[in-house]
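**Student:** Quick one: structure below, then a few questions.
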């Protein structure tokens, strides 16, 4: 019997945040739903959930509707209900420490000041969950407000944002197909627009 894999797609709920850097996890979730025809989307665990399969993997994807700072509350409810351990949890989140266009799959590590990851750690009592870190870069101006930057829409061309979302979705698929044998830290990179 296949183990359940829990995907925590992090973002802020509401149409006003839909295209913001901080909600890129939701954008990746929507791409995965489209690619694999997962559904229907339901309201559960203080979030929007969707179930599906990818190869042998049984998937529950949760998009918390609690705002970023309380994402762990939603994911914790789902993890407890289905008895999912941190080995089988993957968070998809924006990452300012990676340049725009770079996505990285890794397990564990620091939180980088990310409130969604901090909330997950608090509820799961571990940092050892998997992550797809979606590089959104830092503000171009030194000393610029980081919170304001991640809580604003992407400034990059639409096709580049789309390529970033697709690259992140492909790393989620890699994790789902590889299970415990998926690449571990320091991470498997995929950079949008790079060649050979």
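**Student:** In the stretch 80-99, what residues are in contact with a strand residue (DSSP E or B) (Cβ under 9 Å, 6 or more places away or on another chain) and in a loop (DSSP other than H, G, I, E, B)?
**Tutor:** 83, 84, 96, 97, 98, 99
**Student:** Are any residues in the stretch 80-99 buried (at least 19 other Cβ atoms within 10 Å of the Cβ) and either within 26 Å of residue 162 (Cα to Cα) or free of Cβ contacts under 8 Å to residues at least 40 places away in the same chain (or both), and if so, which ones?
**Tutor:** Within the stretch 80-99, 89, 90, 91, 92, 93, 94, 95, 96, 98 meet the criteria.
Residue-wise test of (1) at pLDDT 95 or above; (2) assigned to a loop (DSSP other than H, G, I, E, B); (3) more than 12 Å from the chain's Cα centre (by Cα); (4) surrounded by fewer than 15 Cβ atoms within 10 Å (Cβ to Cβ).
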site: 156; (1), (2), (3), (4): yes, yes, yes, no
site: 161; (1), (2), (3), (4): yes, no, yes, no
site: 165; (1), (2), (3), (4): yes, no, no, no
site: 171; (1), (2), (3), (4): yes, no, no, no
site: 177; (1), (2), (3), (4): no, no, yes, yes
site: 180; (1), (2), (3), (4): no, no, yes, yes
site: 184; (1), (2), (3), (4): no, yes, yes, yes
site: 189; (1), (2), (3), (4): no, no, yes, no
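**Student:** Output the residues belonging to the stretch 119-137 that are closer than 23 Å to residue 16 by Cβ and either more than 18 Å from the chain's Cα centre (by Cα) or outside any strand (DSSP E or B) (or both).
**Tutor:** Matches in the stretch 119-137: 119, 136, 137.
**Student:** Being farther than 28 Å from residue 83 by Cβ, touching a strand residue (DSSP E or B) at 6+ places or on another chain (Cβ under 7 Å) and surrounded by 17 or more Cβ atoms within 10 Å (Cβ to Cβ) is the filter here; which residues of the stretch 13-40 pass it?
**Tutor:** 20, 21, 22, 24
**Student:** Kindly evaluate residue 77 against the criterion of being surrounded by fewer than 20 Cβ atoms within 10 Å (Cβ to Cβ) and part of a strand (DSSP E or B).
**Tutor:** no
**Student:** Return the pair list, or none, for Cβ contacts closer than 7 Å from residues in the stretch 63-76 that are touching a residue at least 60 places away in the same chain (Cβ under 8 Å) to residues that are in a helix (DSSP H, G or I) and crowded, with 24+ Cβ neighbours inside 10 Å, at least 6 apart or on different chains.
**Tutor:** Close Cβ pairs satisfying both conditions: 71/116; 71/119; 71/120; 75/120.
**Student:** Pick from 59, 28: which is in a helix (DSSP H, G or I) and touching a residue at least 60 places away in the same chain (Cβ under 8 Å)?
**Tutor:** 28
**Student:** Being more than 14 Å from the chain's Cα centre (by Cα) and either crowded, with 22+ Cβ neighbours inside 10 Å or on the phi < 0 side of the Ramachandran plot (or both) is the requirement here; does residue 43 meet it?
**Tutor:** Spelling it out, residue 43 is indeed more than 14 Å from the chain's Cα centre (by Cα) and either crowded, with 22+ Cβ neighbours inside 10 Å or on the phi < 0 side of the Ramachandran plot (or both).
**Student:** Considering (1) part of a loop (DSSP other than H, G, I, E, B); (2) out of contact with any helix residue (DSSP H, G or I) (no Cβ under 6 Å at 6 or more places or on another chain), say which one residue 66 fails and leave the rest.
**Tutor:** (2)
**Student:** Please tell me if residue 52 is touching a helix residue (DSSP H, G or I) at 6+ places or on another chain (Cβ under 8 Å) and at pLDDT 95 or above.
**Tutor:** yes
The values are calculated or read from the model by the stated rules, or taken from the named source; none is laboratory data. These numbers were taken from a predicted model, which means no experiment stands behind them. Glycine gets a Cβ as well: all are built from the backbone with ideal geometry, and neighbour counts include every protein chain shown.
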